[in-house]
Amino acid sequence: MNILASLKERFVYMLVINIMLMVVTTSSAWALQCKYKTENSWSGGFVARIILTNDGPTTTQGWSVTWQQSDEAKIIQSWNAKLSRKNHYSATHTRWNRSIEAGESISFGFLGKGDDSAGTISTCTSNGEPSGHTPEEEDRPSYDNERLYTHAKFPIGIAVTADPSNDRSIYALSEKRKTIKKHFNQLTAGNIMKMSYLHPEEHQYNWDDADKLIRWAHAKKIRVHGHTLIWHSGYQVPEWMTNYSGDFEEMLNDHVRTIVRHFKRSVVSWDVVNEAIDENTNCWRNSLFYQRIGPEYIANAFQVAHDVNPKVDLYYNDYSTEDGNGAKFACLLELVDGLLADNVPIDGVGFQMHVQIDWPSASAIASAFQAIVDRGLKVKLTEIDVPLNNPWSSVPFPQYTSLTDAADERQKQRYKSIVETYLAIVPPKLRGGITIWGLWDGDSWLLELGDRQGVDDWPLLFTGPQDGPYKAKEAFYGVQEALMGADYFRQDEGL
């Protein structure tokens, strides 16, 4: 009996030691540390992130975090993680950031409403998968056949090439027409509704190309946004207008009046004036129109367009105004406030959103949208594209030479963040719509712009063969998921 007792005691002792070793090994191998950090806060909102650091000796493969905000705070947008938006909140890895190398850190972020940005982390754990495990590709929800625009109660638009002589136009490529018809319910003509196309001579207007596009769009139950009545760019200002010696102000007013009247029954909104701001010259771009008339040409154009068609939405449109606190944005507010003070009939502001993958921040974009919303104006995202390579980055250009899985996912999260910010900040009645500036990556205007010439990039939502069929990228699903999330939470909150 003493021998049996001794063996039993030794067995129990060894069992306890093994269990202790397993616990020590597990905690060492999967040691994650999580830190909550507030990035920015303002009255009624905040941006924060949670930083995960792998203090263990091996690579983690999958992670999850749970935390709690105060009762006064509510998270409305997240990036770089899959989030369940119920307090307590929980976040898990995405496909591209599930692995954390030993000694390395990653982070995910979120935008919240409310004055309290202090979060309390409850758990910070790895999924415990062995190092070297290759996870299966995560299954995508079965909504590939759904139409993108059906997830929004505002226009989801696309810019198109519609010059019949262009071999990349929608008339030349049936796959373009097929994809556009499926996923978009608003069109913007890239060029053919600009000044020099519609009004090439003083007494001559060329309606044919624009009318053809509008007939095609209306046959597919797609609406048209007009772009643009007045734009300074030299190649788009007709030569006769540059040399005009008569009453320039009345000539320009008549230009606006004639075009808006022609499209009165067929165009639902207009970029009335495009890119009139220059933050380096006392806010006003020294354009032909400014030189001949002064800043009043902007108010004149809005008033004339409204007088012709009081039902059409009228926007001021510009680029690099989405940073929310820069000099150009300050100029935008000065312009808008001046128009509103003079009772000029402006309906909204178009943010072109030619953003970078890492600029501006989500909080800066939110601040820009909020300022326009606070003035009771509509917000329209008119020309979105998100290149992966940034010539102005501190990281050597180009940062990507191929569309890797990580790059694809990063771009997805950026598109998703932009749309979620739009939905979070802009109330339904002020949502003018979202337009992507082109369909297929290879047709993007950015590929021929400045330092980008000759450098591969993938700024849009679709890839695939140049003539189709076109394949939706992760960026497409980022937009779709943001819109679907808005649908879900609208139903959940009884909105």
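Just so it is clear, none of the values below were taken in a lab; they were calculated from the coordinates. Not measured: the values here are computed from a predicted model. We place every Cβ from the backbone using ideal geometry, glycine too, and count neighbours over all the protein chains shown.
Quick notes on this one:
- Antiparallel DSSP beta bridges within the chain, as percent of all bridges there, nearest 5: 55 percent
- Dipole-positive endmost among ALA472, ILE372, TRP63 within the chain (Cβ charges, Cα centre): TRP63
- The antiparallel fraction among DSSP beta bridges confined to the stretch 216-374 stands at about 20%.
- Projecting the Cα atoms of PHE397, MET353, PRO387 onto the charge dipole of the stretch 351-414 (Cβ charges, centred on the Cα centre) puts MET353 farthest toward the positive pole.
- For the stretch 32-126, taking Cα atoms only, Rg and Dmax work out to 13.0, 42 Å respectively.
- Amide H contacts of ILE76 (H built 1.01 Å from N, in plane; Pro and chain starts excluded): LEU111, GLY112, LYS113 sit under 5 Å, all sequence-distant by 5 or more or on other chains.
- Once the Cα-Cα distance is subtracted from the 0.36 nm per residue extended length, the TRP359 to LEU340 segment shows a gain of 3.9 nm.
- Scanning residues 5 or more positions from TRP284 or on other chains, those with amide H under 5 Å from its amide H are ASP278, with H placed 1.01 Å from N in the peptide plane.
- Helix 405-425 axis, angle to the chain major axis (alpha carbon atoms, nearest 10°): 70 degrees
- Inter-probe distance in nm under a simple model that places probes 7 Å from Cα toward Cβ, at ASP467 and ASN166: 1.9 nm
- Placing unit charges on the Cβ atoms of the charged side chains and taking the dipole of the chain about its Cα centre, the candidate lying farthest along the positive direction among LEU439, SER320, LEU339 is LEU439.
- Where only alpha carbons of the chain are counted, the Rg and the Dmax (Å): 27.1, 120
- In order along the stretch 270-281, the Karplus-derived 3J(HN,Hα) couplings, from 6.51 cos²θ - 1.76 cosθ + 1.60 at θ = phi - 60°, round to 9, 7, 6, 10, 10, 6, 8, 9, 9, 5, 8, 10 Hz, and Gly and Pro are given as x.
- Amide H contacts of SER99 (H built 1.01 Å from N, under 5 Å, at least 5 apart or other chain): GLY62
- Added length on full extension, which subtracts the Cα-Cα distance from 0.36 nm per residue, GLU202 to LEU333: 43.8 nm
- Pairwise centroid distance, computed over Cα atoms, of the stretch 184-226 with the stretch 305-373, Å: 24 Å
- If only the Cβ of Lys and Arg carry +1 and only the Cβ of Asp and Glu carry -1, the dipole of the stretch 219-266 around its Cα centre is close to 720 debye.
- The modelled label-to-label distance for the pair GLN68/THR92, using points 7 Å beyond Cα in the direction of Cβ, is 2.3 nm.
- Under a model in which nothing but the beta-carbon of Lys, Arg (+1) and Asp, Glu (-1) is charged, the chain shows a dipole of about 1680 debye around its Cα centre.
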